[in-house]
1. Please sort by residue number the chymotrypsin sites (Phe, Trp or Tyr not before Pro) in segment 102-198 whose DSSP state is loop and whose Cβ has at most 16 other Cβ atoms within 10 Å.
2. Using the Karplus equation 6.51 cos²θ - 1.76 cosθ + 1.60 (θ = phi - 60°), what ³J(HN,Hα) coupling, rounded to whole Hz, does each residue of segment 141-148 give in order, writing x for Gly and Pro?
3. Using only the Cα atoms of segment 74-141, each taken as one equal point scatterer with no solvent, compute I(q) by the Debye sum, divide by I(0), and report log10 of the ratio at q = 0.12, 0.25 Å⁻¹.
4. Compute, for the chain, the length of the dipole vector about the Cα centre, with Cβ point charges of +1 (Lys, Arg) and -1 (Asp, Glu) only. Units Debye, rounded to 20.
5. Test of the criteria: in segment 68-148, which trypsin sites (Lys or Arg not before Pro) are in a DSSP loop and have at most 14 other Cβ atoms within 10 angstrom of their Cβ?
6. If you take the alpha carbon radius of gyration of segment 145-207 and divide it by 2.2 N^0.38 Å, what ratio comes out, to two decimals?
7. As a test of the definition: which semi-axes, in Å, follow for the chain when you take the square root of five times each eigenvalue of its alpha carbon gyration tensor? Largest first, please.
8. Would you please give the FRET efficiency between Val84 and Ser115, computed as 1/(1 + (r/R0)^6) with r the Cβ-Cβ distance and R0 = 30 Å, to the nearest 0.05?
Amino acid sequence: MKKQIPLLLVLVSGLIMVIQYFVPHPVSEFVFTYANDFVIVIGILALPIGIFSLLRNTWAKAKHDRKERIYSIATFFGFALMVVAGLKRESLESGTLYMQLFQNILVPAQATLFSMLAFYIASAAYRAFRVRTMLAAILLVTAFVVMLRLIPLPEPLSTWNADLVRWILAVPNMAAKRAIIIGVALGAISYSMKILLGIESSYMGRD
């Protein structure tokens, strides 16, 4: 019963959400809105669990690895400082300590992380664009043509390139994108069916 009851709740809840999607009735709309509000509440309740997991793992790293202690101390200090700074009601106003920390530390840190992705993308592009097969050659030529639109070309090359890029994005690129979306949708449907039928129950933990 310890395992069957949660599986039954998942099955009933999932079937209700599937059925309400095809029922154009105010009651169905109420169920959908209420369910979304309930999901938000669950997400809020899961936040303390995430915080506890972060602090516990950070403490474990600091305890067992001396090299990680300085980073763990920075994590604890930053976490405590942001929590204290955000307790004030006017913390989201411009010029407060919370906003100063957010704009001068968090935003630049995020920009740094995203800028580092450019080097990984360049490395992946170098490996992908090495012409070894016909498909790699087509990929290389297409990428070259698309990137040319960012360069000011003389007329009529600029117009021809812009028209070609629009065709590439609207026809072959859109066809591939729709095929990927269809594949993702079918995968999501099959995975959802496995969850509803109890075949996939890893969300319940190891036990």
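1. Sparse-neighbourhood loop chymotrypsin sites (Phe, Trp or Tyr not before Pro): Phe129.
2. Values, residue by residue: 5, 5, 4, 5, 5, 5, 6, 5 Hz.
3. Values, matching the q order: -0.54, -1.02.
4. Dipole of the chain, to the nearest 20 debye: 880 debye.
5. Lys88, Arg89, Arg130, Arg132
6. Relative to the rule-of-thumb radius for its length, segment 145-207 sits at 2.05.
7. 41, 34, 22
8. Efficiency, rounded to the nearest 0.05: 0.50.
Any read-out appearing in this document is the output of simple, stated calculations on the displayed coordinates, not a laboratory observation. What you are looking at is a predicted structure, and each value in this text was computed from that prediction instead of being measured. Ideal geometry is used to build each Cβ from the backbone, glycine not excepted, and the neighbour counts take in all protein chains shown.
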